[in-house]
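The values are calculated or read from the model by the stated rules, or taken from the named source; none is laboratory data. Small disclaimer: the values here were computed from a predicted structure and weren't measured. Here the Cβ positions follow ideal geometry from the backbone for every residue, glycine too, while neighbour counts run over all protein chains shown. Keep in mind that these areas ignore ligands, DNA and RNA; they rest on the heavy atoms of the full protein, side chains included. Shrake-Rupley method; radii C 1.70, N 1.55, O 1.52, S 1.80 Å.
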Amino acid sequence: MKKFFAILLCIMMACMSMSALAEGQKVGVSMPTKDLQRWNQDGENMQKLLEEAGYEVDLQFASNDVQQQLNQVTNMINNGAQVVVIAAIEGSSLGSALDLAKEKGIPVIAYDRLLMESDAVSYYATFDNYKVGTVQGTYIKEALDLDNAAGPFALEITAGDPGDNNALYFYQGAMDVLQPYLDAGKLTVKSGQIEFDKVATPTWKTEVAQNRATTVLANYSDGSNIDAWLCSNDSTALGVENALEDGYDGEWPIITGQDCDISNVKNMIAGKQSMSVFKDTRTLAAQVVKMVGQILAGETVDVNDTETYNNGKITVPSFLCEPVFADVNNYAELLIESGYYTADQLQ
Ligand code: BGC
């Protein structure tokens, strides 16, 4: 009997110390902004899952202000975070905070966007960014039947923020599919703006994309059609859609996107956006929470790519989640049935 109670006591103590382990531990989560829908969701998901696992969470949003993010991450480290998870506004601008993390032996996980030019980055978790681009490029290729149709077709391009390492992957993935058709003259770009730095959208802002799109549309004031507009994500696609509504009389083009933001899903339903790429932020958050747990328990951390993401200093061990093609035919299953949005949110 005595032995039984001793074993029971041991089991109870082990259980208590396991939850105490997570309970005493603090995780810092730094998100770039509340302006774009996805970062609110990412932040909320991370907080919920980390708290459920028993961690204390220091979640901060940085209003797209690099200095603010730098201060927030520095404070997280000074206030005792044992791991910090960062979705950077600008990948290369957090150097001094990352140096501090390294000095204090705090592991850093780059969330969705790679942290550049630093050897203090322990892990990277994201969606397969190059694949997002190939899904968009392949959609345009197939929708215009570029291998068989005579063309030429008019294409315009809107890419992402040059300060975000992902933006180049999205662009490159799409251009690797479309470039052969540009070279063969089957696709033409009337604005003449093709290179990344000409089509980029600093800060990914809808208004910035809209302003550039309005200028591009001057090339179509003769009534000619735009057949497809490659947009790297939903916030930029929204800008292009707004500009088209205000100042374009031709046939509505094929428009790509990424994120399945609510406004864009509504536009897909209304026929104003052709597709998006669904990156389920619940999947990414769950993966990162798992990595945090593995780091703090001293276990092997789950990665599936150790070659692609070099940040200029080191190749960062990464976990790439799968992006999923979304359009008007599968959005209900992907987004409503899975509980990501309610049907009401998309009305
Ligand atoms: C993310 C995209 C997002 C964009 C703008 C990128 O780093 O991967 O999902 O659309 O930032 O916030």
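How fast does the range 257-347 diffuse by Stokes-Einstein, in µm²/s, taking the Kirkwood radius from C-alpha pairs at 4 °C and 1.567 mPa s? List each step's numbers first, then the result.
Numbers: Rh = 15.2 Å.
It comes out at roughly 85 µm²/s.
Entry note: the range 129-258 has Rg to Rh equal to 0.93, where both radii use alpha-carbon atoms and Rh is the Kirkwood radius.
Quick check: from the Cα gyration tensor, does the range 54-127 come out rounded (a/c under 1.5), prolate or oblate? In terms of gyration-tensor shape, rounded. With a threshold of 25 Å on the Cα-Cα distance, the over-threshold entries among 34/190; 26/131; 131/272; 102/290 are 34/190; 26/131.
Kirkwood radius for the chain, taken over all pairs of different Cα atoms as the inverse mean of 1/r, rounds to 21.5 Å.
Computed from Cα positions, the angle between helix 281-296 and the longest principal axis of the chain comes to roughly 30 degrees. Shown for the chain: the carbon plus sulfur share of the solvent-accessible area, taken with all protein chains present and a 1.4 angstrom probe, equals 51%. Computed about its Cα centre, the charge dipole of the chain is approximately 1100 debye, with only Lys, Arg, Asp and Glu carrying charge at their Cβ.
Computed extension length for residue 102-residue 296: 68.3 nm, one decimal, from 0.36 nm per residue of separation with the Cα-Cα distance subtracted.
Extension gain for residue 131-residue 341 works out to 73.2 nm (0.36 nm per residue, less the C-alpha to C-alpha distance).
Residues of the range 129-258: accessible area per residue at 1.4 Å, in Å²? Display every interim value, and only then the final one.
Details: 5090 Å² over 130 residues.
I get 39 Å² per residue for this part.
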